[in-house]
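Below is one structure, written out as structure tokens, with a few remarks after it.
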Amino acid sequence: MLLKGKNVIITGAGRGIGKEIAKACAKEGANIGLTARTMEELNATKKEIEDLGINVKVVTKIADITKFQQVMEAFMTFQDELGLINSVIANAGYSRMWTTHEFINEKFAEILNVNVLGVFYTFKAAYPYLKKDNKNDKARFIITGSEAYPNAPSKLTAYVASKYAVVGMQKAMATEYKRENITFNMVLPTQVDTRALRGKKAGDGNKPEHVLNPWDLNDYYLFLLSENANRIDNGLIFTYDFNEAKKVLTEAPSGKKENWEVFKDYFREKAPKSYDNVKKYGKLVDFIISRS
Ligand SMILES: NC(=O)c1ccc[n+]([C@@H]2O[C@H](COP(=O)([O-])OP(=O)(O)OC[C@H]3O[C@@H](n4cnc5c(N)ncnc54)[C@H](OP(=O)(O)O)[C@@H]3O)[C@@H](O)[C@H]2O)c1
């Protein structure tokens, strides 16, 4: 098991991407701390994990990620019940679409508060409890970003601003904590079939083909949490490009897809635009191959 005995905390874990990450981490043996504002959804995630029949601890605690006191209390609970924390996934997020000049002021602020301040509060509250005593097993702080960085789709100005901001935050924190055995990485998904994108239609089986399932992202998080990524820091994992790699892998002839070393030239030829974002993370391609 990839994460046996590790303590992993996930924000925004009641549904969507966070829920799938939580289940995937539990399947790999991690104890899980789940937080969001809606207790029924956290309980549903917890139940799905318990139904897997794996011997891991699952702790739930509601917190509004924009309220520091609540976030602090959540992390205190996780530390009390699980012990020191190996990894945190700052995944909670929120968005709304409007033309910029019509954007409701309070909504603009709310999006920044959840997506930017929420990441800051998550790190600040987690920091005292991060297990950062082992350079061979570093603590991980992973942010769920978005393809909104760098694509900047229109009518999403607040969301785009927030997802640009967290890339900057990651870069600054990766530099600041370089000597403290904490790595900072991001997964930047394209569109995913969750309530954030498709409202109540999420999971109805009718998603457009290009839209990913939330569980399609699990390998990226698991890799970043695993010992394979102990030395990967300030990394940006663009799911678009790794999805291209997955597609090319399925079509590649044998002899060209056994590992990154033999695959890389073939991939560069087939998907030159994605190659640049993938080539730094050949280990992730190996990880994907090993799990397929
Ligand atoms: N879906 C996509 O197409 C897509 C694409 C790129 C990136 N992302 C990113 O992926 C992450 C997860 O989103 P998702 O697609 O899984 O959306 P989702 O299904 O709507 O889930 C969002 C999660 O964040 C929590 N959350 C929202 N506001 C919160 C607050 N104020 N305090 C605490 N928790 C809060 C929600 O729980 P409560 O409402 O119960 O608090 C929920 O658990 C976000 O960062 C999003 O920006 C999504």
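The values are calculated or read from the model by the stated rules, or taken from the named source; none is laboratory data. Worth saying up front: this structure is predicted, and the values here are computed from it rather than measured. Here the Cβ is made from the backbone with ideal geometry for all residues, glycine too, and neighbour counts use every protein chain on show.
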Pairs with Cβ under 8 Å, 6+ apart, first in the stretch 78-106 and among the charged types (D, E, K, R), second part of a helix (DSSP H, G or I) = Arg96/Lys107; Arg96/Ile111; Arg96/Ala158; Arg96/Tyr159
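Give me the residue from the stretch 207-218 that is assigned to a helix (DSSP H, G or I) and not hydrophobic (A, V, I, L, M, F, W, C) and, out of that set, nearest to the ligand (Cβ to nearest atom).
Pro214
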Per the list (1) in the same structural domain as Pro153 (by TED's automatic domain parsing); (2) touching a Lys or Arg at 6+ places or on another chain (Cβ under 9 Å), residue check on Met1 breaks on (1)
Looking at the stretch 37-68, which of the residues that are away from the ligand (no atom under 12 Å from the Cβ) and of a type in the set (Lys, Arg) is surrounded by the fewest Cβ atoms within 10 Å (Cβ to Cβ)?
-> Lys47
When Val71 is evaluated against the numbered criteria (1) surrounded by fewer than 24 Cβ atoms within 10 Å (Cβ to Cβ); (2) in a helix (DSSP H, G or I); (3) within 13 Å of the ligand (Cβ to nearest atom), which criterion, by number, is the only one it fails?
-> (1)
Members of the stretch 115-128 found to be under 21 Å from Met76 (Cβ atoms), buried (at least 21 other Cβ atoms within 10 Å of the Cβ) and either within 11 Å of the ligand (Cβ to nearest atom) or not assigned by TED's automatic domain parsing to the domain that holds Glu176 (or both), listed by number = Gly118, Val119, Tyr121, Thr122
Tell me, please, whether a residue that is at pLDDT 95 or above, within 15 Å of the ligand (Cβ to nearest atom) and in contact with a Gly (Cβ under 8 Å, 6 or more places away or on another chain) can be found in the stretch 136-145.
-> yes
Across the stretch 1-36, what is the number of residues that are within 14 Å of the chain's Cα centre (by Cα) and away from the ligand (no atom under 14 Å from the Cβ)?
-> 2
Here the residues within the stretch 259-292 that are surrounded by 13 or more Cβ atoms within 10 Å (Cβ to Cβ), charged (D, E, K, R) and more than 21 Å from the chain's Cα centre (by Cα) are Lys264, Arg268, Lys270
So which residues in the stretch 220-252 are closer than 20 Å to Lys270 by Cβ, surrounded by 19 or more Cβ atoms within 10 Å (Cβ to Cβ) and within 16 Å of the ligand (Cβ to nearest atom)?
-> Ile237, Phe238, Thr239, Asp241, Phe242
When the stretch 80-103 is examined, which residues are found to be crowded, with 19+ Cβ neighbours inside 10 Å, polar (S, T, N, Q) and assigned to a helix (DSSP H, G or I)?
-> none
